[in-house]
Amino acid sequence: MPPALLRPATPHDLPAITRLIGQAFGPYRVLIGRDPAPIKADHAAHVARREVEVLQAEAGLIAVLIHYADGADWHLDTVAVDPAHAGAGHGKRLIAHAEARARAEGCARITLYTNEKMRANRVMYPRLGYAETGRSITDGFARIHYAKPN
C-alpha cells in the first residue's frame, strides 16, 4: 500500500474532516464533560484560510492537521488521527511537518495547548521537546500551553 499523501484540505473534504475529528476527540467527551474544543471548531473557516492539511490514503482521510502563523509563532491547533489508524506514527508525522513548515515560514517557536485531562498529550508533547509555558481556562476548558523553540 502506498504511503498516505499529505495535502492541503479543500472544501470537499469538510464532511470527512468533521467526522474524523469527531472520532478522534469523541472519546474525551466523558472525561471532559462535553465536546472537546476541536469538535466544535469552525473547520470550514480553517479550510478557507488554508490552515488545514490532511493525510489521504486509498480508503480516505486518515488524519487532519490544523496549523497556522500566530504573530512570530507557529500555532499547532489540532492533530487528529482516525482511531482505526492510531499508533502508526501519523500524528508524529503531522507534528514534524508543522515544525518544518514553521521553520520555512521563519517562526521563532511553535505553540500549542491541550486540555489538562488529555493525559496522553501531556506525556507526548514534552517527549517531543515541548515545554509547558502556562495554564488557562478558555471557554470553560482547562488548558495547558506548550512551546518549542524553532
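The values are calculated or read from the model by the stated rules, or taken from the named source; none is laboratory data. Remember, predicted model here, so these are calculated numbers, not experimental data. Using ideal geometry, Cβ is built from the backbone for each residue, glycine included, and neighbour counts are taken over all protein chains shown. Quick note on the areas: whole protein, heavy atoms, side chains included, nothing else; ligands and nucleic acids left out. Shrake-Rupley method; radii C 1.70, N 1.55, O 1.52, S 1.80 Å.
Key figures for this structure:
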quantity	calculated
Cα-centre dipole for the range 60-113 with unit charges at Cβ (Lys and Arg positive, Asp and Glu negative), debye to 20	200
Per residue accessible area of the range 1-68, 1.4 Å probe, in Å²	54
The range 73-133: GluC sites (Glu not before Pro) in DSSP loop, at most 14 other beta carbons within 10 Å	GLU105
Alpha carbon Rg of the range 4-150, scaled by the compact-globule rule 2.2 N^0.38 Å	0.99
Loop GluC sites (Glu not before Pro), the range 34-72, which have at most 12 other Cβ atoms in a 10 Å radius of their Cβ (DSSP)	GLU58
Extension reserve of the ASP42-GLU132 stretch, reckoned as 0.36 nm per residue once the Cα distance is removed	29.8 nm
Loop-exposed trypsin sites (Lys or Arg not before Pro) per DSSP, neighbour cap 11 Cβ within 10 angstrom, longest uninterrupted part of the chain	51-150
Helix-derived mean residue ellipticity, 222 nm - over the chain, DSSP H n ≥ 4, -39500 (n - 2.57), to 500	-9500 deg cm²/dmol
